[in-house]
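In what follows, a single structure is set out as structure tokens and then discussed.
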Amino acid sequence: MIRNYTGNERRRNMILVGKGTVITRDETKPLIKDGGVVLDGERIVKVGDYETLRSEYPQAELIDAKGQIIMPSLINMHEHIYSAFARGLSINGYNPNGFLDILDGLWWTIDRHLTLEQTRLSAMATYIDSIKNGVTTVFDHHASFGQIKDSLFAIEDAAKEFGVRACLCYEVSDRDGEEKAKASVKENADFIKYAAQQNNDMIKAMMGMHAQFTISDKTFEMCRENMPEGVGAHIHVAEGIEDLHDCLHKYGKRIVNRLMDHDLLGPQTMTAHCIYVNEQEMDLLKATDTMVVHNPESNMGNACGCPPTMRIFQKGILTGLGTDGYTHDMFESYKVANVLHKHSLCDANAAWGEVPAMLFEGNAKMANRYFNIPLGVLKEGAAADVVVVAYDPLTPLTADNINSHMLFGINGAMTQTTICNGKVLMKDRELTVIDEAKAMADCRQAAAELAHSING
């Protein structure tokens, strides 16, 4: 069922999240001890000293942070909701010898078997994990070639039920034939049109594409024709060396150049991974202001290689961080990215500044190319997206060492309270928007049914 937000749903009670250390991500006042944040509906109305806020807003409902960390909720710039039921899944005969085997043997096998209801429940499972890890904005890249039509709407329905922000797309591909490629483009086009008609800042849409090696020129042209102004592509780029070799062999050019030739680059387009890109391709990404999403744990897990992310970042390309569905804990991606690039470059100084900038600044800037309300920051007028994290620092916490504390002291499971758009989604580790036990029981049953349908 697809539901529209009503005015009453949009309006939230005034809330004061206080009695904690506020990490604002606002350069003018990055750290406020004994601070608080006042939320009125979808926006923050004031950030400051707790006692002052309490006296100014006595009517506000208090959420007591109990001396813990108050910070902006997190953003995941590249997620695969359809992968939710892969955790622990054993597929008969699956023994991959490379990235293409992983794609066809695992991921494409899953997406070919997903029913519409399993897609919705995959979204339920993902959003539960996201909320419990302090993530309230998710850019998802979906595939369910067994049932394409209405799949994005099923995910969106789950997003509305939970009250999270979502930017959705369907991954267009020719891998299962022309008719399914056309159906995939139509699913994107239908959802793009639908999202544009919503009078809220919670649901957005992109034109999803798998990767150039599964997309013909004809299908690229079809995608481009169905991308209205202000909508870009969300596509995997050079995730595996096989993708690059395919492009060189078939088209005599590198991947980013092929995308350029199809007019798919630009400020609204997001390229995921970018492992096997060279300097000239980076220059193209920079010149077109195209976004890049780094997914370190996925790249390592698939043995795809380490991307030149530090170089991409240093060139001034807008770069963010995602999980690729391997996890929903953005702090985990932060930790993995930090050690990955130090190890790969044999440079102990690598990633110290770049990775937190990607997570806490890049993700917000990227998300705000789609969502209008300022995200990723606690300041007046910004989104009422706030989390409370149970962290009691052993050593002094100052404005200068916030990221070090984040890196070494915090993980997503320490999230106690999660608020999105002024609505409390979780309080004291208890979800408030759904019956978690029932939802998880439904998800477990769906996962078992999916495994049975795959293995027989």
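Here is how the numbers come out for the structure above:
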| item | result |
| --- | --- |
| Positions within the stretch 104-122 being touching a residue at least 40 places away in the same chain (Cβ under 8 Å) and part of a helix (DSSP H, G or I), in sequence order | W108, T109, I110, R112, H113, E117, Q118, L121, S122 |
| Lone qualifier among A399, A446, A437 - being modelled with pLDDT of 95 or more, loosely packed, with under 14 Cβ neighbours inside 10 Å and assigned to a helix (DSSP H, G or I) | A437 |
| Exclusive hit being within 25 Å of F313 (Cβ to Cβ) and polar (S, T, N, Q), set N455, N411, N421, N372 | N411 |
| Only one of R25, R87 that is under 22 Å from the mean Cα position of the chain (by Cα), under 25 Å from D329 (Cα atoms) and modelled with pLDDT under 95 | R87 |
| So I81, is it of a type in the set (A, V, I, L, M, F, W, C), in contact with a Pro (Cβ under 9 Å, 6 or more places away or on another chain), farther than 20 Å from E380 by Cα and modelled with pLDDT of 95 or more | no |
| Checklist (1) outside the structural domain of E27 (by TED's automatic domain parsing); (2) small (G, A, S); (3) more than 20 Å from N76 (Cβ to Cβ) applied to G362, failing item | (3) |
| L359 vs. criteria crowded, with 18+ Cβ neighbours inside 10 Å, in a loop (DSSP other than H, G, I, E, B) and in contact with a helix residue (DSSP H, G or I) (Cβ under 9 Å, 6 or more places away or on another chain) | no |
| Helices (runs of 4 or more DSSP H) fully within the stretch 218-333 counting 1 or more residues that are surrounded by fewer than 23 Cβ atoms within 10 Å (Cβ to Cβ) and at pLDDT below 95 | 296-301 |
| Residue in the stretch 136-144 that is of a type in the set (F, W, Y), more than 16 Å from D442 (Cα to Cα) and surrounded by fewer than 24 Cβ atoms within 10 Å (Cβ to Cβ) present | no |
| Condition met for E380 (surrounded by fewer than 20 Cβ atoms within 10 Å (Cβ to Cβ), touching a Lys or Arg at 6+ places or on another chain (Cβ under 8 Å) and part of a helix (DSSP H, G or I)) | no |
| Residue within the stretch 366-376 that is touching a Pro at 6+ places or on another chain (Cβ under 8 Å), farther than 13 Å from V138 by Cα and not aromatic (F, W, Y) present | yes |
| The stretch 283-294 residues that are in contact (Cβ under 8 Å) with a residue 60 or more places away in the chain, paired with ones that are surrounded by fewer than 15 Cβ atoms within 10 Å (Cβ to Cβ) (beta carbon under 8 Å, 6 or more apart) | M291/P267 |
| Residue match in the stretch 326-335 (condition: of a type in the set (V, I, T) and under 29 Å from M300 (Cβ atoms)) | yes |
| Among the residues listed as N199, N133, N226, the single one being in contact (Cβ under 8 Å) with a residue 40 or more places away in the chain and closer than 21 Å to E79 by Cα | N133 |
| Out of D150, D140, sole residue that is under 24 Å from E221 (Cα atoms), assigned by TED's automatic domain parsing to the domain that holds Y194 and in contact with an Asp or Glu (Cβ under 6 Å, 6 or more places away or on another chain) | D140 |
| Subset of the stretch 192-216 (residues that are part of a helix (DSSP H, G or I) and in contact with a Ser or Thr (Cβ under 9 Å, 6 or more places away or on another chain)) | T214 |
| Test: Y194 is assigned by TED's automatic domain parsing to the domain that holds S144, more than 23 Å from G322 (Cβ to Cβ) and aromatic (F, W, Y) | yes |
| Residue in the stretch 412-424 that is assigned to a loop (DSSP other than H, G, I, E, B) and hydroxyl-bearing (S, T, Y) present | no |
| Close pairs (6 angstrom Cβ cut-off, 6 or more residues apart or separate chains): within 18 Å of A205 (Cα to Cα) in the stretch 160-175, modelled with pLDDT under 95 anywhere | K160/R3 |
| Selection count, the stretch 25-76, where residues are assigned to a loop (DSSP other than H, G, I, E, B), over 30 Å from M270 (Cβ atoms) and touching a residue at least 12 places away in the same chain (Cβ under 8 Å) | 8 |
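The values are calculated or read from the model by the stated rules, or taken from the named source; none is laboratory data. Quick caveat: nothing in here was measured; it's all calculated off a predicted structure. Note that each Cβ is placed from the backbone with ideal geometry, even for glycine, and that neighbours are counted across all protein chains shown.
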